[in-house]
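Asks: Sharing a structure here in structure tokens format.
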Amino acid sequence: MGHIYYNGDIITLSENEYPEGVYEKNGIIEYVGEISEIKKICDDKDEWVDLCGKTLCPAFIDPHSHITSLANTLRLCNLSKANCFDDIKNILEDFKLKRNIKKGEWIIGFGYDNNFLIEKKHPDKTVLDFFNENPVLITHTSGHMGVANSMALNIFSIDENSENPEGGVIGRFENSKEPNGYLEETAFINVSKNIPEPNFDEKVKLFKEAEKIYIQNGILTAQEGFATYSEADLLYKLSNDNLIDIDVVMYADMKNNSDITEKYNDILKKYKNNLKLGGYKIFLDGSPQGKTAFMKEPYKDSGDYRGYPVYNDYKVVEFFDKAVEENIQILGHSNGDGACQQFLDCYEKSVENKGEKDIRPVLIHGQLLGIDQLEKVKKLHVIPSYFVSHVYYWGDIHKMNFGIDRARNISPIKSTTDKNILFTMHTDTPVIMPNFIEEIWCAVNRITKNGEVLGESQRIDVYNALKGVTINAAYQYFEEDKKGSIEKGKYADFIVIDKNILKVDKRDIKNINVIKTIKRGSVLFDRNIQFDEQH
Ligand SMILES: [Zn+2]
Ligand SMILES: [Zn+2]
């Protein structure tokens, strides 16, 4: 059975915008255009899908995120919003109910900050002993300390006879040897290693939940942007068991696990059961908000400190040489203009060494990529993939770290499109949720959390922003002949959104909802139907 979509705006991202209808058969787009023509070729069994004035677009393609990391975080309870001990208790209790955590199972929280708690101190086990049927461990936002309840302390065999380990402290009640639950440095690190890993069934459950989040956001191609053996093995097993519904492209940790490309050669550059191994991933620096991005010029008010690179040039050329030689794509995390320069210079060297191949190297983040560096990006056919939502989430911090001039040009997308350089846009999930509607809103408005416009001249139009998460992203994955636009012969991967993103006031884009996600003609998500009824 096929489907005919009609009676709504259809954004195709091809030359033929706003056609009357789209005809899909066996998951492939058969025809885009006049209804009268569709009537000639469709048959009685095909279903007419009335869009009721809503908008049909190509499904989103995620150029960079970490789907298995998102799955991992879903297992943990986020306590960063807790303002007092009671909040911690209540948030954990909600989490326990929502996740249906049973008697005896672990409740693990992270991200509380004693500085932001009314009590101005760490909670102790009496707070967490509210849970007397579950071991509980919560981690401080620094990751260096935490608090366990009595049941967890029992499991860790920590009692009044336990000595402090070297380099660590076991907290005690005043004038007593009895542990109060607080564990610091090695005392904490030693025990947190004892928390059991989820078993395979739990991992499957968590993966499906993460996948659901992508689907609800209209994403049908997702990324695992840093696969060590652990992520690669899990994804491979999931795909073998036919447990992946969307398309997932993973990139091997090139520094430590580059032989994943040999181990999983059968999925290298091609999908099998919805999983593809796209190539390699390397990191060249840190993050701008953490002041570890490697810059050409010092950070604001920081003496001569300008962050630092991960590798010397020699090593980076070696990585690129290997990728070019094997004709395999490589993604390089580079945030600061120093790291971007290293990426470009070293890749150029490899092209000189090995000759240029169509490996479509991706410069991931490129937040402080200089406008003067774009010429080289273009010359080398490097794809910059921007994390433009940063402007909203951390824009105000970037002003403090870099000063207004550099902050304004964070993610210089307009300069990029002006030079006709193909770019993509990502959310680096789980850093933030994979919300591409919000990402587009950021790219066209560039409003920070404080409500200021940061970098007016780098705002782009909605159509180009949409391309950054559809057709351009398809190109990044070497899938532009199958995905990213609504054209004859491509996959019927669509989303239906409740308003036309090209027609609403651009400040209101944020309020648009994905109401349907359709893969190869089948509905994977329908906002009007409970997700669980469909799966
Ligand atoms: Zn990164
Ligand atoms: Zn990432």
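Asks: Which ones in the stretch 360-379 are assigned to a loop (DSSP other than H, G, I, E, B) and over 16 Å from the mean Cα position of the chain (by Cα)?
Replies: Arg360, Pro361, Leu368, Leu369, Gly370 - these are the residues of the stretch 360-379 that are assigned to a loop (DSSP other than H, G, I, E, B) and over 16 Å from the mean Cα position of the chain (by Cα).
Asks: Additional query: Considering Leu97, Leu70, Leu117, which residue is within 16 Å of ligand 2 (Cβ to nearest atom) and either surrounded by fewer than 21 Cβ atoms within 10 Å (Cβ to Cβ) or not assigned by TED's automatic domain parsing to the domain that holds Lys212 (or both)?
Replies: Checking each option against the conditions leaves just Leu70.
Asks: I'd like to check something: does the stretch 441-450 contain any residue that is at positive phi, crowded, with 19+ Cβ neighbours inside 10 Å and not assigned by TED's automatic domain parsing to the domain that holds Asn511?
Replies: Yes, there is a match, as at least one residue in the stretch 441-450 is at positive phi, crowded, with 19+ Cβ neighbours inside 10 Å and not assigned by TED's automatic domain parsing to the domain that holds Asn511.
Asks: Another one. Can you list residue pairs whose Cβ atoms sit under 9 Å apart, with the first residue in the stretch 275-286 being within 19 Å of Val248 (Cα to Cα) and the second being within 14 Å of ligand 2 (Cβ to nearest atom) and aromatic (Phe, Trp, Tyr)? Count only pairs 6 or more apart in sequence or on different chains.
Replies: Leu277/Tyr251; Gly278/Tyr251; Gly279/Tyr251; Tyr280/Tyr251; Lys281/Phe226; Lys281/Tyr251
Asks: Is there any pair linking a residue in the stretch 493-519 that is on the phi < 0 side of the Ramachandran plot to one that is of a type in the set (Phe, Trp, Tyr), with Cβ under 7 Å and at least six apart or on different chains, and which?
Replies: Final answer for the pair search is Ile495/Phe60; Leu502/Tyr463; Ile509/Trp441; Lys510/Trp441; Lys516/Phe525; Thr517/Phe525; Ile518/Phe494.
Asks: Mind listing just one residue for me: the one in the stretch 175-197 that is among the charged types (D, E, K, R) and in contact (Cβ under 8 Å) with a residue 24 or more places away in the chain and, of those, surrounded by the most Cβ atoms within 10 Å (Cβ to Cβ)?
Replies: Step by step, filter the stretch 175-197, then rank; the result is Glu184.
Asks: So in the stretch 380-391, with the set limited to residues that are part of a strand (DSSP E or B) and of a type outside the set (Gly, Ala, Ser), which one is nearest to the chain's Cα centre (by Cα)?
Replies: Out of the qualifying residues, it is Tyr386.
Asks: Can you confirm whether the stretch 392-407 contains a residue that is part of a loop (DSSP other than H, G, I, E, B) and either away from ligand 2 (no atom under 16 Å from the Cβ) or at negative phi (or both)?
Replies: No - not one qualifying residue is present in the stretch 392-407.
Asks: Still on this structure: Are any residues in the stretch 276-292 surrounded by 24 or more Cβ atoms within 10 Å (Cβ to Cβ), in a loop (DSSP other than H, G, I, E, B) and either among the charged types (D, E, K, R) or at pLDDT 95 or above (or both), and if so, which ones?
Replies: Within the stretch 276-292, Leu284, Asp285 meet the criteria.
Asks: Give the number of residues within the stretch 434-486 that are within 16 Å of ligand 1 (Cβ to nearest atom), within 20 Å of Val514 (Cβ to Cβ) and either in contact with a Pro (Cβ under 7 Å, 6 or more places away or on another chain) or not acidic (Asp, Glu) (or both).
Replies: The qualifying residues number 1.
Let's see how each residue does on (1) farther than 20 Å from Leu331 by Cα; (2) surrounded by fewer than 24 Cβ atoms within 10 Å (Cβ to Cβ); (3) within 16 Å of ligand 1 (Cβ to nearest atom):
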| position | (1), (2), (3) |
| --- | --- |
| Leu363 | no, no, yes |
| Leu369 | no, no, yes |
| Lys376 | no, yes, no |
| Ser411 | no, no, yes |
| Thr416 | no, no, no |
| Leu422 | no, yes, no |
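Asks: I need a count of the residues in the stretch 199-257 that are aromatic (Phe, Trp, Tyr) and within 16 Å of ligand 2 (Cβ to nearest atom).
Replies: 3
Asks: Just to be sure, is Asn353 away from ligand 2 (no atom under 16 Å from the Cβ), more than 23 Å from the chain's Cα centre (by Cα) and at positive phi?
Replies: Spelling it out, it is not the case that Asn353 is away from ligand 2 (no atom under 16 Å from the Cβ), more than 23 Å from the chain's Cα centre (by Cα) and at positive phi.
Asks: Restricting attention to the stretch 319-344, and to residues there that are away from ligand 2 (no atom under 16 Å from the Cβ) and of a type in the set (A, V, I, L, M), which single residue is surrounded by the most Cβ atoms within 10 Å (Cβ to Cβ)?
Replies: Filtering the stretch 319-344 for residues that are away from ligand 2 (no atom under 16 Å from the Cβ) and of a type in the set (A, V, I, L, M), the one surrounded by the most Cβ atoms within 10 Å (Cβ to Cβ) comes out as Ala323.
The values are calculated or read from the model by the stated rules, or taken from the named source; none is laboratory data. The model shown is predicted, which means the values in this text are computed figures rather than measured ones. Quick reminder, even Gly has a Cβ in these numbers, built from the backbone with ideal geometry, and neighbours come from all protein chains shown.
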